Amino acid sequence: GFVETPYRKVVDGQVTDDVDYLTADEEDRFVIAQANATLTDDLRFAETRVLVRRRGGEVDYVAGDDVDYMDVSPRQMVSVATAMIPFLEHDDANRALMGANMMRQAVPLIKSEAPLVGTGMEYRSAVDAGDVVKAEKDG
């Protein structure tokens, strides 16, 4: 099968809780807003023009009513290894690529330690990999 990624449906400029999973080919047919676009309390776009990626991969500003979907997370477009690079948005592209490759090739620790600098993705990665024991209740 094809890799699918989740997107929140936007109806008449209002972001809904409905989530559709789209393949790369399918998402090319829609206008998709970024996950960090500012929303009002009633889940409408706060700005009159919203930064989106349009059909064919073009980046543009459009009216909120013209948006079809919204990303679920700002980290949605990068891999797990890349998302765990601290301060990724401030890195040069070559350094980020090198860091992602190093992260992918890393060997797990026998005695694990908490990282000195983290991104918040470490917990999610460990739980999804099944490498941790998780209690059902606190305490």
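What to note about this one:
- Net charge over other residues, Cβ less than 10 angstrom from the Cβ of Met98 (K, R count +1; D, E count -1): -1
- Cβ-based net charge around Gly57, under 14 Å, with every Lys or Arg adding one and every Asp or Glu removing one: -2
- Overall Cα dimensions of the chain, principal axis frame, Å, largest first: 52, 42, 33
- The stretch 78-129: relative contact order as a whole-number percent, Cα under 8 Å and 6+ apart: 50
- Å³ per residue enclosed by the Cα convex hull of the stretch 1-75: 81
- Here the relative contact order of the chain, from alpha carbon pairs under 8 Å that lie six or more residues apart, stands at 20 percent.
- Charge dipole magnitude, Cβ of K and R +1, D and E -1 - the chain, Cα centre, debye nearest 20: 540
- Taking 22 Å as the straight-line reach from the Cα of Lys111, the lysines in range (excluding those fewer than 8 positions away in the same chain) are Lys134.
- Nonlocal amide H pairs with Leu22, under 5 Å, H built at 1.01 Å: Thr5, Tyr7
- Note on the stretch 78-129: Kirkwood hydrodynamic radius from all Cα pairs is 11.7 Å, rounded to one decimal.
- For the peptides 102-109, 37-44, residues were scored by their other Cβ atoms within 10 Å and the scores averaged per peptide; the highest-first order is 37-44, 102-109.
Only the coordinates and a few stated rules stand behind these numbers; no lab work does. Since this is a predicted model, take the numbers as computed values, not measurements. Here the Cβ is made from the backbone with ideal geometry for all residues, glycine too, and neighbour counts use every protein chain on show.
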